[in-house]
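What follows is a short report on a single structure.
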Amino acid sequence: MKKRQSEPSLRVLLVDETFERAALLKHALHEAGCHLAAHVSASADLPGLVSELKPDIVILDTDSPDRDTLEHLCLISRDQPRPIVLFTHDEDSEKIRAAIRAGVSAYVVDGLKSERLRPIMEVAIARFNQFQTMRQELEKAENQLAERKEVDRAKGILMKQRGWSEDESYQALRKMAMDKGLKLADVARQVITVAELMG
């Protein structure tokens, strides 16, 4: 399958132990219009290579993913997340769950056909992007909740120290934030810190 003009060339880090399968994958990647950043074995320092080469996607081809490989994938997903496609012969459901937990976007059993490679990668990238968006939204919601708790705590301190109402305390925090050009949560943290130092 030749690359269409509109499709960007994906930089791929290929992880494969077997020469024949790697040759097949390299040919399929070339046909799909991808750029092979590197071909390494699973024993390589995968997180280090991802950091150095900055591939758009990581493709692993293995009979069965071992614990060390899954740990490497965990580190990649945590520190420098990107889509990961795993081609394997292992149908073990526990291995599949472990791979998904490690950050694998697509777990493909006995599905290595060159014409399917580009669609599989595109699905993996779409799934990865969707997950990243959800993760960012969750982090944002958690941060907003934490900031709200800090503002509430700071209001409580001002109410107790100054004898102000909740609304007066909130308006005082807002005014301090505006005067200092800070976020409300940052001012709240300052109030809490001062109260803890004095307490």
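Annotations for the structure displayed:
- Kirkwood radius and radius of gyration were both taken over the C-alpha atoms of the chain, and their ratio Rg/Rh is 1.24.
- Summed over the residues of the stretch 32-188 and divided among them, the accessible surface reaches 57 Å² per residue at a probe radius of 1.4 Å.
- Taking only the Cα atoms of the stretch 13-90, the ratio Rg/Rh comes out at 0.93, with Rh defined as the Kirkwood radius.
- DSSP beta bridges confined to the chain are antiparallel in about 0 percent of cases.
- Across the chain, Cα pairs under 8 Å and at least six residues apart give a relative contact order of 16 percent.
- Here the Karplus relation 6.51 cos²θ - 1.76 cosθ + 1.60, evaluated at θ = phi - 60°, turns the backbone of the stretch 166-175 into coupling constants of 4, 5, 4, 5, 5, 4, 5, 4, 4, 5 Hz, with x for every Gly and Pro.
- HN-Hα J in Hz across the stretch 17-28 - Karplus 6.51, -1.76, 1.60, θ = phi - 60°, x for Gly and Pro: 8, 9, 4, 4, 5, 4, 4, 4, 5, 4, 4, 4
- Here the calculated FRET efficiency for Ala126 and Lys54, from their Cβ-Cβ distance with R0 = 30 Å, stands at 0.90, rounded to the nearest 0.05.
- Our note on the geometry: Cα centres of the stretch 138-163 and the stretch 19-67, 47 Å apart.
- For the stretch 138-194, the Cα-based Rg and Dmax, in that order, read 11.2, 36 Å.
- Backbone phi angles across the stretch 104-110, fed through the Karplus curve with coefficients 6.51, -1.76 and 1.60 (θ = phi - 60°), yield HN-Hα couplings of 5, 7, 9, 10, 10, 9, 6 Hz in residue order; Gly and Pro are listed as x.
- Calculated mean residue ellipticity at 222 nm for the chain: -20500 deg cm²/dmol, from DSSP H runs with n ≥ 4 weighted as -39500 (n - 2.57), summed, divided by the residue count and rounded to 500.
- Protein accessible area in the stretch 143-199, 1.4 Å probe - carbon and sulfur %: 53 percent
- Cross-link table Lys54/Lys149; Lys26/Lys140; Lys54/Lys183; Lys26/Lys54; Lys140/Lys180, entries beyond 30 Å C-alpha to C-alpha: Lys54/Lys149; Lys26/Lys140; Lys54/Lys183
- Per residue, the convex hull spanned by the Cα atoms of the stretch 41-129 measures out at 89 cubic angstrom.
The values are calculated or read from the model by the stated rules, or taken from the named source; none is laboratory data. Here the structure is a predicted model, which means the values were calculated and not measured. Neighbour counts run over all protein chains shown; Cβ positions are idealised from the backbone, glycine included. Please note that ligands, DNA and RNA were not included when accessible areas were found on the heavy atoms of the full protein model with its side chains. Shrake-Rupley method; radii C 1.70, N 1.55, O 1.52, S 1.80 Å.
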